[in-house]
Amino acid sequence: MASMVSIDDLRARVRAQKELIPAIYGNVDFSAVPERFADAPDDATSLSGRYVAERPRLLADADRLDHMRAYTMMGDNVADAYAALMREHGFRRLVDMLVEACDRGVENVAGAPPELVAFIADMERVPDWLDMALVEEGARLDRNSAAHLGPFIIRGAFIATFMNKYAALPMAVTNTLSSDTAARRVKETATFFTTSILPGALERFGPGFKSAAMVRLMHSMVRANVMRRPKDWDVSVFGIPIPQVDQMPAGLIAIFLMSFEIVAKGRNHFTPSERARVELARYRCFLLGLPEDLLADTPQGIVDLMTARGGTLRAGYDDSTCGELLRATMAADLRPDASLGSRVYERFERSFSKLFFVQNFMAGDRGKAAAIGVPLTRLDVVQAAAAGLFVYGRIKLYALASHIPGLSRAADRCLVAKLKAQLASYGHAEFTTDASQYRAAPTPQLATG
């Protein structure tokens, strides 16, 4: 991992957002610490269960806390600057130019603004640590679980992102409270991660590279959209929308859980297969704009960064925000069609998602889960168990085939075909919030003093 940027340089970068992108950040006081940032020993945070024990040690690391505090107020400079051109070019034109730049190269985009050139250049930059052979191997290893387990847990994992009001509010402000909108969000998320593990997907002209660019623009559009609504968004409470630290869980949760188990067993290094999965996750996050400071490459480093993020995010559950988002996601219809097979599949998928959510994010507390809108019935448990037997049986079967000469390549081709079929069932990924909300905001007056 690259050496951590000095805290003085990082603070300067955070403050510079005000002058670099005034259309979004012109009125933000970057010297203030938002309410969401919790660094007192007795603060309740989003850490729970066995991870809480990590917090005292992390609070003793003043430098790490300073970096977390700064990144809590850090957006995505290149993507934000491009999104800020909405006043000049309009929402649809920005999307079209980005698609063309990904497909044909930014040099072939007629009238490409400097901000788009900088955006693409940032994604094309090759970090010193990148080993694409390892990334491809990590993708190959992930295809088995993604093809078989992914569709059954995506709803439950998505729900987990709504459990904190400070991190969830951007989704509510940008019209994600209906089941139809929630369904689109789940499918967009599934589309990105599924696309990213196809063969060659993260190469410069691969579909994963393009999807990452679209996700970055979507996040920046959310920031631009939310920051023009001071009545809905209080910077002194919530900081900036979707700061860099809030992008860590989605991209790093799998390798965090793996790293935590490795550290718990007293091991301080990754096996070759674990390393491949780590490098896939790190490069995927790099393409999404996550600073290299937040992309640790050791088990302990990953555990420290992820628990530092969770241990400084103040606990807070607001039913009008978190609860509504959660219930909309549970009610979302993720079926590709209304056939009998799709209806039966969704019954088992929904039950499995509920069980996954309760076990992994509610510490197994069914009563607590039911109170917030995720009731887990006996029928759900039975259906989830049946789905589990089916899912894990197939995972083991393909894992066995991957170690048999003559079958491994055939098995991988089959997995790729399954993933492409999943992508087709998700439909076209829009990677936007409600486009009708994207009206050019007036340029704010810079704060003085």
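In this Cβ point-charge picture (+1 for Lys and Arg, -1 for Asp and Glu), the chain has a dipole of about 1440 debye about its Cα centre. Distant-in-sequence amide contacts of Thr45, defined by a placed amide H-H separation under 5 Å and a gap of 5 or more residues or a different chain, comprise Ala315. Annotation: amide H-H contacts under 5 Å for Asp318 (H modelled 1.01 Å from N, sequence separation of 5 or more, or interchain): Lys165, Gly323.
FRET efficiency for the pair Arg275 and Gln359, taken as 1/(1 + (r/R0)^6) with r the Cβ-Cβ distance and R0 = 25 Å, rounds to 0.35.
The listed residues Phe256, Phe361, once ranked by accessible area (1.4 Å probe) with the largest placed first, stand as Phe361, Phe256.
Classify segment 153-248 as rounded, prolate or oblate from the Cα gyration tensor: take a ≥ b ≥ c as the square roots of its eigenvalues, call it rounded if a/c is under 1.5, otherwise prolate when a/b beats b/c and oblate if not. Cα axes put segment 153-248 in the prolate bin. Ranking Leu407, Leu202, Ala62 by how far each Cα lies toward the positive end of the dipole of the chain (charges on Cβ) leaves Leu407 at the top. Per-peptide packing, taken as the mean over residues of other Cβ atoms within 10 Å, places 403-414, 372-383 in the sequence 372-383, 403-414 from highest down. When peptides 190-198, 232-240, 50-58 are ranked by their average number of other Cβ atoms within 10 Å per residue, the highest-first order is 190-198, 232-240, 50-58.
Relative to the Cα centre, the charge distribution of segment 178-299, modelled as +1 at Lys and Arg Cβ and -1 at Asp and Glu Cβ, gives a dipole magnitude of about 280 debye. Surface analysis of the chain yields an accessible area of 44 Å² per residue, using protein heavy atoms and a 1.4 Å probe. Packing here is the average count of other Cβ atoms within 10 Å per residue, and on that basis the peptides 97-107, 330-340, highest first, run 97-107, 330-340. Of Ala384, Ile154, Thr45, which is farthest towards the positive pole of the chain's charge dipole, taken about the Cα centre with +1 and -1 on the beta-carbons of Lys, Arg and Asp, Glu respectively? My answer, from the dipole projection, is Ala384. I need the shape label for segment 1-156. Rule: rounded when a/c is under 1.5, else prolate if a/b > b/c, else oblate, with a, b, c from the alpha carbon gyration tensor. Judged from the Cα gyration tensor, segment 1-156 comes out oblate (a/c at least 1.5, b/c at or above a/b). Rounded, prolate or oblate: which fits segment 294-407 when a ≥ b ≥ c are the square roots of the eigenvalues of the alpha-carbon gyration tensor, with rounded for a/c under 1.5 and prolate only if a/b beats b/c? Note, shape of segment 294-407 comes out oblate. The slack between Asn268 and Val381, meaning 0.36 nm per residue of separation minus the straight C-alpha distance, is 37.0 nm. How high is the FRET efficiency from Lys396 to Ala121, r the C-beta distance, R0 45 Å, rounded to 0.05? The pair Lys396/Ala121 has a calculated efficiency of 0.55.
With a simple spin-label model that places each label point 7 Å from the Cα along the Cα-to-Cβ direction, the separation between Asp333 and Ser425 comes to 1.6 nm. Could you tell me the calculated FRET efficiency between Arg93 and Arg409, based on Cβ-Cβ distance and R0 = 56 angstrom, to the nearest 0.05? For Arg93 and Arg409, the calculated efficiency is 0.80. Across the chain, Cα pairs under 8 Å and at least six residues apart give a relative contact order of 29 percent.
Here segment 256-387 has 57 percent of its accessible surface on carbon and sulfur atoms, given a 1.4 Å probe and all protein chains in place.
Starting from 0.36 nm per residue, how many nanometres of slack lie between Tyr317 and Leu340 once their C-alpha separation is accounted for? That works out to 4.6 nm of additional length. From the alpha carbon centroid of segment 44-112 to that of segment 248-305 is 19 Å.
In segment 274-321, taking the dipole from charged Cβ atoms about the Cα centre, the farthest positive-side position among Ala308, Phe286, Thr321 is held by Phe286.
At 18 Å minimum axial length over the Cα atoms and a Kyte-Doolittle cut of 1.0, report the qualifying DSSP H helices in the chain, or say none. Don't skip to the answer; put the middle values down first.
Values: long enough: 7-20 (19 Å, -0.82); 91-104 (20 Å, 0.07); 132-148 (25 Å, -0.38); 179-195 (23 Å, -0.53); 207-227 (30 Å, 0.43); 248-264 (22 Å, 1.99); 272-287 (23 Å, -0.50); 340-361 (31 Å, -0.25); 378-401 (35 Å, 0.94); 408-426 (27 Å, 0.02).
Those that pass (Cα extent of 18 Å or more, hydropathy at least 1.0) are 248-264.
What net charge do the residues around Arg64 carry, taking every other residue with its C-beta under 11 Å from that of Arg64, with Lys and Arg at +1 and Asp and Glu at -1?
-3
The values are calculated or read from the model by the stated rules, or taken from the named source; none is laboratory data. Given the structure is predicted, the values throughout are model-derived calculations rather than measurements. All Cβ positions, even for glycine, are placed from backbone atoms using ideal geometry, and neighbour counts span all protein chains on display. Surface accessibility is based on the protein's heavy atoms, side chains included, excluding ligands, DNA and RNA. Shrake-Rupley method; radii C 1.70, N 1.55, O 1.52, S 1.80 Å.
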